Amino acid sequence: MENWLIGLEAILSPLPLLMLVVGIFGGIVIGALPGLTAVMGVAVLLPFTFAMDPLPGMMLMVGIYTSAIYAGSIPAILMRVPGTPSSAAAVLDGYPMAKAGKAGPALSISLYSSFFGSLLGGIGLAVFAPLLATIALKVGQAEYFMIALFALTIIASISEGSLVKGLLSGLFGLLLATVGTDPLVGTARLTFGIPELRSGLDFIPILIGLFGVAEAMHQFERRFGKARDGAKTASPARFTLGSRIRKRMWPGVAMGGPIGFLIGVLPGTGGEVGSFVSYNETRRVSRDKSQFGHGDPRGLAAAETGHNSAVPGTLAPTLTLGIPGNSVAAVMIGVLTVHGLRPGPGLFEGDPALTYGIMVGFLLVPFGLLLVGLAGIRAWGQILRIPPVILWPAILVLCTVGAYSIRSNLFDVVVMVIFGVVGYLMDKVNVPTTPLVIGLIVGPIAEQGFRRATILAEGSFSWVFQPVPLIILLACIVSIAVSVIRERRHGRDQERTDNLSPQDRVDERAQ
Amino acid sequence: MSGPTNTQPTRASVGRSELILAAVSLGVSMMAIIGVLLTETPSAGSDPGPASYPLFVAGLMLLCSVLLLLGRGKPKPLTWGDMKRVVLVVASLFLYFALMSLIGFVLASIVFTLAALLLAGERRLLVLVLYSIGLSFAVYAVFSIFLGLPLPMGPVEVLL
């Protein structure tokens with residue numbers, strides 16, 4: 001109980017609160033602009049936190065993260081273009097509602113769902129994280145290795161592109177994490193004679209490159225085109241929720257809250273999965289499914305609630321185990337590591353002001369979001385008018401500054417640009433970049449687990465067969481198997497439809 | 001019910017992008033394996049050594065690369081937009097990095113922003129000049145003065 005008071009006291013001071021508000025505003029801009037993702041926003045703005053204490057820095061990130069996830073639904077509803085990739089599920093029922101002239105209620109539902117989602121998620125985090133932290137103390141080296149592996153298989157299996165590509169990406173991340181000096185023995189590894197590599201690859205420039213620079217490159221390539229013009233911006237007419245619509249919202253909220261949070265807690269998964277699974281499950285248990293996909297408020301509510309409750313969920317494994325719940329959480333780890341802090345049970349014990357402060361922050365941010373959202377709903381349409389010609393050069397400058405200011409090292413800028421190209425090429429061949437990031441972050445955890453477990457087992461690998469590691473290993477295998485089966489089935493369906501003659505296709509549809 | 005009327009093979013061949021990807025990842029894993037085997041590995045009792053884990057990871061990468069070659073499924077077609085622009089953007093970024101060490105952050109940023117704006121299609125002289133200078137100074141002000149983070153020094157910074 002007293003930890004909560006310590007956390008509350010730490011938060012209720014000017015700088016953390018200010019950063020929270022700044023983050024909320026910044027996040028809404030980032031979320032509402034298609035092309036800017038939450039990950040990118042957090043990565044590019046991460047260096048702003050270097051000059052401040054970890055708690056205000058984290059509050060900035062929490063504000064950005066939460067409100068960007070909410071704001072991504074705004075263009076999704078108005079223009080059928082998700083502002084951030086994970087807002088895709090909001091399009092399903094949000095856009096039909098807007099087309100039917102109900103853009104105002106749709107935006108309201110999205111705002112309220114986001115409010116409830118992030119609040120429910122914040123409560124979940126507050127309950128769950130301290131429990132997880134105490135369990136985390138009992139997590140041994142072998143378990144850490146297995147959990148890291150598990151996180152990678154999960155993220156690889158749900159990412160865009162095939163499982164193999166996801167695994168390649170994750171393994172590449174693990175490999176990159178080994179560049180530098182061996183943690184236990186101190187010998188140089190994979191430095192290929194380049195002195196700057198002796199201290200290893202800092203993951204922040206890589207992050208900024210993969211998400212910031214790469215996206216900028218795509219934008220320049222496409223000449224900033226897309227659904228910007230053409231799709232009419234539906235003007236939001238009414239902003240109060242009719243009570244009829246409000247009643248219909250609740251099933252979506254009730255399902256989305258817990259589902260989204262639990263999915264967020266799973267290492268490797270986050271908002272996108274949370275929102276789609278919440279949507280699907282809500283649809284499944286509804287008696288009248290006809291309106292789903294055509295403007296059912298429950299669908300929008302479920303998607304947005306699930307989306308937002310996953311956000312605090314992703315911080316649960318991140319703060320307690322140091323294993324990021326998704327790539328945004330991974331970036332947030334950077335706020336801590338820059339100050340020499342390591343997330344994990346030690347942090348919970350040693351710095352309750354920080355950890356409990358963060359959790360209090362997650363409970364406060366929904367209210368801030370609601371206020372800002374209600375006040376500004378009319379204004380959000382204007383954000384979409386920032387000319388990309390002005391925006392993207394500025395983003396590149398910010399990326400460069402950010403990469404440099406981590407270690408005052410120009411080499412990091414080179415790393416950023418190189419990984420910008422790498423990220424760009426990976427996107428081209430449909431290799432997901434998130435596993436790479438996760439691999440990069442859990443790499444050291446995985447390796448230490450691997451080495452230390454072997455040392456403790458006196459040189460043998462028998463630790464793999466201990467009960468808990470073995471169970472986790474089986475979970476890895478199961479998730480890979482499920483993914484392979486799903487891919488096979490999808491591939492077979494795809495080939496079947498490709499091989500049908502046009503008449504067959506008509507017949508099929510008629511059935 | 002009519003059977004399939006076209007004669008597409010039921011097993012999709014591996015796309016070209018997959019081949020390139022497989023080649024690259026094979027190359028990377030081989031490079032890693034060789035690189036790791038070349039590092040000195042002082043034997044330290046029950047510690048499997050600094051080479052063990054990278055070998056494990058690189059080995060798995062190798063496996064995945066091979067799996068990629070054996071893969072099935074429809075490859076997504078590679079689409080290319082304005083590649084000249086992309087290459088120029090990357091070149092500008094490298095130039096930015098080089099200039100920063102020579103003439104300091106502000107001047108380098110002005111040059112880079114100018115280049116980026118031109119690449120983005122901006123042609124209005126007023127915007128080009130004002131925005132480049134304005135953005136560079138603004139970012140410098142926020143990062144260096146307000147946040148106190150060090151940025152590469154050059155003639156302008158010394159004056160400020």
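The values are calculated or read from the model by the stated rules, or taken from the named source; none is laboratory data. Note that the structure is a prediction, hence the values are computed from the model and not measured. Cβ atoms come from the backbone with ideal geometry, glycine included; neighbour counts cover every protein chain shown. Keep in mind that these areas ignore ligands, DNA and RNA; they rest on the heavy atoms of the full protein, side chains included. Shrake-Rupley method; radii C 1.70, N 1.55, O 1.52, S 1.80 Å.
A few notes on this one:
- The distance between label points at residue B:31 and residue B:19 comes to 2.2 nm (points 7 Å beyond Cα on the Cα→Cβ vector).
- Label-point separation, residue A:367 to residue A:134 (7 Å along Cα→Cβ), nm: 2.8 nm
- Anisotropy class of the stretch A:344-416 from Cα gyration tensor, a/c 1.5 cut: oblate
- For residues of A:398-404, the mean tally of beta carbons on other chains within 10 Å: 5
- In nm, spacing of pseudo-spin labels at residue A:474 and residue B:146 (7 Å Cα→C-beta vector): 5.6 nm
- Solvent exposure of chain A as accessible area per residue, Å², 1.4 Å probe: 37 Å²
- In chain A, the ratio of gyration radius to Kirkwood radius, Rg to Rh, stands at 0.97 when only Cα atoms are counted.
- By average C-beta atoms within 10 angstrom, highest first, the peptides A:120-133, A:425-438: A:425-438, A:120-133
- Cα-based helix-to-principal-axis angle, A:88-99 vs chain A, degrees rounded to 10: 20 degrees
- Heavy-atom accessible area buried between chains B and A is around 6300 Å² (1.4 Å probe, both sides summed).
- The protein assembly as shown - percent of accessible surface contributed by carbon and sulfur, probe 1.4 Å: 66 percent
- Segment residue B:94-residue B:70, extension gain: residue separation times 0.36 nm, minus the distance between their alpha carbons: 4.9 nm
- Delta accessible area of at least 30 Å² on complex formation, residues of the stretch A:410-444, 1.4 Å probe, chain isolated as reference: A:410, A:414, A:417, A:424, A:428, A:429, A:430
- Per-pair calculated FRET efficiency, R0 = 41 Å: residue A:222 and residue A:51 via Cβ, rounded to 0.05: 0.75
- Acute angle (nearest 10 degrees) that the helix A:297-321 long axis makes with the longest principal axis of chain A, alpha-carbon atoms: 10 degrees
- Across peptide B:59-65, the mean count of Cβ atoms from other chains lying within 10 Å of each residue's own Cβ comes to 5.
- Proximity of backbone amide H atoms, modeled 1.01 Å from N, is registered between residue A:52 and no other residue at under 5 Å, excluding neighbours fewer than 5 places apart on the same chain.
- Between residue A:199 and residue A:250, the contour length at 0.36 nm per residue exceeds the alpha carbon distance by 13.2 nm.
- Residue-normalised accessible area of the stretch B:57-160, given per residue in Å² at a 1.4 Å probe: 52 Å²
- As an equivalent ellipsoid, the stretch B:28-160 spans semi-axes of 45, 27, 11 angstrom, where each value is the square root of five times an eigenvalue of the C-alpha gyration tensor, largest first.
- Each peptide in A:463-470, A:24-31 gets a packing score, the mean of other Cβ atoms within 10 Å over its residues, and the list from highest to lowest is A:24-31, A:463-470.
- Amide H contacts for residue A:189 (H built 1.01 Å from N in the peptide plane; partners 5 or more residues away or on another chain; cut-off under 5 Å): A:180, A:181, A:182.
- Estimated FRET transfer efficiency (residue A:492, residue B:160; beta-carbon r; R0 56 Å; 0.05): 0.30
- For the listed peptides A:311-317, A:84-90, A:15-21, B:153-159, a ranking on the average number of other beta carbons within 10 Å per residue, highest first, reads A:311-317, A:84-90, A:15-21, B:153-159.
- Positions from the stretch A:135-175 whose accessible area shrinks by 50 Å² or more when the full protein complex is built, not the chain alone, probe 1.4 Å: A:164, A:165, A:168, A:171, A:175
- Degrees separating the helix A:141-158 axis from the principal Cα axis of chain A, which is the longest one: 30 degrees
- Taking only Cα atoms of the stretch A:80-231, radius of gyration then Dmax in Å: 21.8, 66
- Computed FRET value (nearest 0.05) for residue A:289 with residue A:15, which takes r as the C-beta separation and R₀ as 60 Å: 0.80
- Over the stretch A:1-138, the hull volume per residue, using the convex hull of the C-alpha atoms, is 127 Å³.
- Other protein chain C-beta atoms within 10 Å of residue C-beta, averaged over A:208-221: 3.
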